[in-house]
Structures are given as C-alpha cells and as structure tokens.
Amino acid sequence: QVQLLESGGGPVQPGGSLGLSCAASGSIFSISTMGWYRQAPGKQRELVATIESSGDPTYVDSVKGRFTVSRDNAKKMMYLQMNSLKPEDTAVYYCNALITVRYLAVPRDYWGKGTLVTVSS
C-alpha cells in the first residue's frame, strides 16, 4: 500500500518561513512527477509547485521567488521551502505523486492527507 505523508505545517507570522516535507512509502517501483497543492478555506484546490524526477521544478506565479520545491529520489522525499509567507498562503497543503508500484504497471496518482499552514499575526 502506497502512502504519502506530509509534515511541517503549523502557524507562522507574515513574512516568516516554513518547510514542508512529503514522505512516500510502501510498494514503490518508481516516482515520476511530484507536486504540492493547496486548498484554502472556501476555495478549490490549486497547484503550487511540481518537480520532475530530474529535479526540474515549476511554480504557480503567486509563489515564484518565495517557494522552493526539491526532492530526494533515494529517500522518496519531496520538500517545499516557503519564505516570505503571506496570509493568502494559508491553506491545507497536499503532497501528490505519480507512482508506479511495479515494473510495467500503469502509473497512478497518489495524495497525502494534507498539512495545515496558517499565516497570521
């Protein structure tokens, strides 16, 4: 059974920094694209950043220059370093990964349960 587990959320003041981690575990053959999504209260879930197995990242415009996504393929981990946080960054942050569980299997999307980030003074 594949699981994604986020950690690192919590309260932070505007202008502060916070780091999130996502750990993938279980029967995993390979992980291709990984991503961070977020869902603010009353809003739809939105993409924040993605990172390929090669390390190539993409970001939504609202976080460019403030957030950095990275991953450790050997440890099956993904990270999100968030700097210069704003109240509008408040949301539940979800880890997503496209995972192949065995050789020649069809890759499938997996999601973590989320971790809450609250940016407030």
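The values are calculated or read from the model by the stated rules, or taken from the named source; none is laboratory data. All figures in this text were calculated on a predicted structure; none of them were measured in a lab. Quick reminder, even Gly has a Cβ in these numbers, built from the backbone with ideal geometry, and neighbours come from all protein chains shown. Side chains included, ligands, DNA and RNA excluded: accessible areas come from the protein's heavy atoms. Shrake-Rupley method; radii C 1.70, N 1.55, O 1.52, S 1.80 Å.
If we keep just the residues of segment 15-61 that are in a strand (DSSP E or B), among the β-branched types (Val, Ile, Thr) and in contact (Cβ under 8 Å) with a residue 12 or more places away in the chain, which is surrounded by the most Cβ atoms within 10 Å (Cβ to Cβ)? Write out each step before concluding.
To start, the set of residues in segment 15-61 that are in a strand (DSSP E or B) comprises 18-25, 30-39, 46-51, 57-59.
Adding the requirement that they be among the β-branched types (Val, Ile, Thr) leaves 31, 33, 48, 50-51, 58.
The next check asks that each one be in contact (Cβ under 8 Å) with a residue 12 or more places away in the chain; those that pass are 31, 33, 48, 50-51.
On the way: Ile31: 20, Thr33: 16, Val48: 24, Thr50: 19, Ile51: 21.
Filtering segment 15-61 for residues that are in a strand (DSSP E or B), among the β-branched types (Val, Ile, Thr) and in contact (Cβ under 8 Å) with a residue 12 or more places away in the chain, the one surrounded by the most Cβ atoms within 10 Å (Cβ to Cβ) comes out as Val48.
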Inset, instruction - From (1) in a strand (DSSP E or B); (2) aliphatic (A, V, I, L, M); (3) open to solvent by 30 Å² or more (accessible area, probe 1.4 Å), pick out the condition that doesn't hold for Leu104. - result: (1)
Legend entry - Tabulated pairs, segment 109-121, first within 14 Å of Gly26 (Cβ to Cβ) and open to solvent by 30 Å² or more (accessible area, probe 1.4 Å), second not in a loop (DSSP other than H, G, I, E, B) and not hydrophobic (A, V, I, L, M, F, W, C), C-beta under 8 angstrom, 6+ apart or interchain: Tyr110/Gln3; Tyr110/Asn96; Trp111/Tyr94; Trp111/Asn96
